[in-house]
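The values are calculated or read from the model by the stated rules, or taken from the named source; none is laboratory data. The structure displayed is predicted, hence computed values, not measured ones. Methodologically, a virtual Cβ is constructed for each residue, glycine included, from the backbone with ideal geometry; neighbour enumeration extends over all protein chains shown. Heads up: the accessible areas ignore ligands, DNA and RNA and are worked out on the full protein's heavy atoms, side chains in. Shrake-Rupley method; radii C 1.70, N 1.55, O 1.52, S 1.80 Å.
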Amino acid sequence: MLFSKALKACTGIADKGCVSTLAHSMMTAARSADSGIAGPGELDRYPYPEAPGADRPGLTSWDGVEPDMGRMGRRAGSSRGRGLHGQLVQQLGQMIVSGDLGADRPLVPEEIGQRFEVSRTVVRESLRVLEAKGLVSARPNVGTRVRPVGDWNLLDPDIIEWRAFGPQREDQRRELVELRATIEPVAARLAAGHGREDVQQRLVDMAEIMAHAGAQGDSLTFTRADVEFHSLVLQLAGNRMLEHLSGIVSAALHVSGGSASGCDRLGDTSVGLHHRIVEALAAGDGGTAEAAMRQLLAAPAEQAAAPADHVVPAPREH
């Protein structure tokens, strides 16, 4: 989300309380608008015929799956998906990444539809999305099967988020820290002197929002401003391949809980380094910008522990 126009509309930018309150209200509104919570009965729009008897017979290919995974919307994370299609992508993706659906396991669309009470069309479209992410493969006379980890698109933002809250969370966090430490300092150096005035002003705005959010302990506003700040730096680098990686950085910051970003979250040190980067970019000082970014991303080993019980973010529009 971009904050610049709203910030400029707020008279008296020097009024710290005004900026912080505005940023907080914007983030709260965005969180509500993006929740995508299903309305009453929405998950029952595509019922399958019930088998004779009070209970539906078990589906053998789904034996061993957690009982509460058998219906979308029961878990907090899935309730944030966008409609049936987004929820099913979220649900199946989490189950594959967590290992509940292991490699080479067959995925029969009819059984998935019955298990999650959705139409065959929803199932087919969801499996196509998962296939594009490298999580499943569909072949004639073989059907759809789960692919091994080596075939997954590990740079896909959804997979980054699912891994970050699954059994592979430690590996995911370490890999994100290492990847960002490799690309972002270089991007900061390249961005020096390339800044357009409008983008430079947005960087200033983001740093200011982070300062005020940090002072108030508003982690949601801090994180969202942080996401845009780092994405803008990648855009300023003038390298389209680096800019394409902004989705990875965004996912890393959203799932980090503080450790994956390497930033001293909500702290004066982090805010000061963000301001130093802004000043270096405006002055065309690539060396200082690169050094400040490296310092910002230097995650202390003691901060590498995973946060407890985070809700997996909702998948993007597919």
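Based on what the data block shows, is V142 modelled with pLDDT of 95 or more and either open to solvent by less than 50 Å² (accessible area, probe 1.4 Å) or not assigned by the TED database to the domain that holds F229 (or both)?
Considered against the rule, which asks whether it is modelled with pLDDT of 95 or more and either open to solvent by less than 50 Å² (accessible area, probe 1.4 Å) or not assigned by the TED database to the domain that holds F229 (or both), V142 comes out as no.
Got at least one residue in region 131-146 being within 18 Å of G247 (Cα to Cα) and not in a loop (DSSP other than H, G, I, E, B)?
So far as region 131-146 goes, yes, one or more of its residues are within 18 Å of G247 (Cα to Cα) and not in a loop (DSSP other than H, G, I, E, B).
Out of all the residues in region 155-167, which are buried (at least 17 other Cβ atoms within 10 Å of the Cβ) and in contact (Cβ under 8 Å) with a residue 60 or more places away in the chain?
P157, D158, I159, I160, E161, W162, R163, A164, F165, G166
Within the group E125, E110, which residue is open to solvent by 60 Å² or more (accessible area, probe 1.4 Å), among the acidic types (D, E) and free of Cβ contacts under 8 Å to residues at least 40 places away in the same chain?
Matching residue, one of E125, E110: E110.
Would you be able to tell me the number of residues in region 232-260 that are open to solvent by less than 20 Å² (accessible area, probe 1.4 Å) and outside any loop (DSSP other than H, G, I, E, B)?
Within region 232-260, residues that are open to solvent by less than 20 Å² (accessible area, probe 1.4 Å) and outside any loop (DSSP other than H, G, I, E, B) number 11.
Give the residues of region 100-130 that are over 20 Å from the mean Cα position of the chain (by Cα) and either assigned to a loop (DSSP other than H, G, I, E, B) or under 18 Å from Q168 (Cβ atoms) (or both), sorted by residue number.
D100, L101, G102, A103, D104, R105, V108, E117, V118, S119
Any residue at all in region 199-211 that is touching a residue at least 40 places away in the same chain (Cβ under 8 Å) and acidic (D, E)?
Checked region 199-211: at least one residue is touching a residue at least 40 places away in the same chain (Cβ under 8 Å) and acidic (D, E).
Within the set of pairs 6 or more residues apart or between chains, which connect a residue that is at pLDDT 75 or above inside region 247-260 to a residue that is crowded, with 24+ Cβ neighbours inside 10 Å and not in a helix (DSSP H, G or I) with Cβ atoms less than 8 Å apart?
A252/A260; A252/S261; L253/A260; L253/S261
Got a number for residues in region 147-156 being of a type in the set (D, E) and assigned to a helix (DSSP H, G or I)?
Restricting attention to region 147-156, the residues satisfying the condition of being of a type in the set (D, E) are 151, 156.
Now drop any that are not assigned to a helix (DSSP H, G or I), which leaves 151.
Residues flagged as of a type in the set (D, E) and assigned to a helix (DSSP H, G or I) within region 147-156 amount to 1.
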